[in-house]
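The structure under discussion appears below in the form of structure tokens.
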Amino acid sequence: MRTTGGWAGGAVLAAVVLLATACTSSGGADGPAQPTTSTTPDATTALRERCLSAIPDDAELEAFTLTGATGGDLEAARIGPSANEHVAVLLPQTSGLCGWGRWATAAAGEGLTSILVNPCGYGESTCTPEEDADPLNEVAAAVVEARDGLGAERVALFGTSMGGSLTVMAAAAGADVDVWADVSGPAAWEGTELAPLAASLPADGLVVMAPSDGQAEYDAAEALADAAGVPFVPGRSGHGWELLVDPVDGSVTRIGRLLTGLATGR
């Protein structure tokens, strides 16, 4: 738009612009503008706040989202170095991935990186029913991240309770892992019986169960290990993560150390 007021019009316009600039940049008559800050935490900070002491303060943690092999957005986290030839993919109990934090942090000190994954419908993971029905949806995506993203040459798949059953289902379906472990996994999960899957399980694996889960579950776990031709490791007492890290003093148990050795091949 052209102006028609000559110098005087230009002077008035300049004064208006100067006044407008002063008003928008001063933040008020008493001082300069204050910086704008965001109060929205990033994914890693948000996960720490949610997990509290379940993930130790010194854990080398990064939260991220995986796209499922079939689909869906999967909440995941890495504990340990961002490049490692030894990586464990960890599937959780129904309370979510936080519970793996202490074992994964201790295992990182032994040279292992862990990828913690919340299955469809848990934590922040969202999927369609079709995506949820694929036993490899979460595991295949995490394994690709382990091998292509972190440079893993050896990938372990471990699960506790619900995650133990999901581990058996994924391993039997052909998950690209070198070793697997089912810790306290129920004999059936969401209508899938584990016993018929034994013949399809890879030879490098183990099953863990404590008698405190009940005689029927204990016997079923031992029978699964026998049918699959893998070791059965009895726990003294406890369920899931309690068999890996002492819930009172936080020390890694005999079975917890066994899993670390299994994952690293030592």
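Answer with yes or no whether residue 238 is open to solvent by less than 20 Å² (accessible area, probe 1.4 Å), out of contact with any strand residue (DSSP E or B) (no Cβ under 6 Å at 6 or more places or on another chain) and touching a residue at least 24 places away in the same chain (Cβ under 8 Å).
Values: open to solvent by less than 20 Å² (accessible area, probe 1.4 Å): yes; out of contact with any strand residue (DSSP E or B) (no Cβ under 6 Å at 6 or more places or on another chain): yes; touching a residue at least 24 places away in the same chain (Cβ under 8 Å): yes.
Yes.
Scanning the range 73-119 for residues that are open to solvent by 10 Å² or more (accessible area, probe 1.4 Å) and over 15 Å from residue 145 (Cβ atoms) yields 93, 94, 95, 98, 99, 102, 105, 106, 108, 109, 110, 111. Of the residues making up the range 241-256, those that are surrounded by 15 or more Cβ atoms within 10 Å (Cβ to Cβ) and either among the basic types (Lys, Arg) or touching a residue at least 12 places away in the same chain (Cβ under 8 Å) (or both) are 241, 243, 244, 245, 252, 255, 256.
Looking only at the range 124-176, which residues are of a type in the set (A, V, I, L, M, F, W, C), open to solvent by 20 Å² or more (accessible area, probe 1.4 Å) and touching a strand residue (DSSP E or B) at 6+ places or on another chain (Cβ under 9 Å)?
127, 144, 166, 169
Of the residues making up the range 83-142, those that are under 15 Å from residue 56 (Cβ atoms) and among the hydroxyl-bearing types (Ser, Thr, Tyr) number 2.
The values are calculated or read from the model by the stated rules, or taken from the named source; none is laboratory data. Treat the numbers as computed from the prediction; the structure is a model and nothing was measured. Note that we place each Cβ from the backbone using ideal geometry, even for glycine, and neighbour counts take in every protein chain shown. Side chains are part of the model used for accessible areas, which takes the heavy atoms of the whole protein and leaves out ligands, DNA and RNA. Shrake-Rupley method; radii C 1.70, N 1.55, O 1.52, S 1.80 Å.
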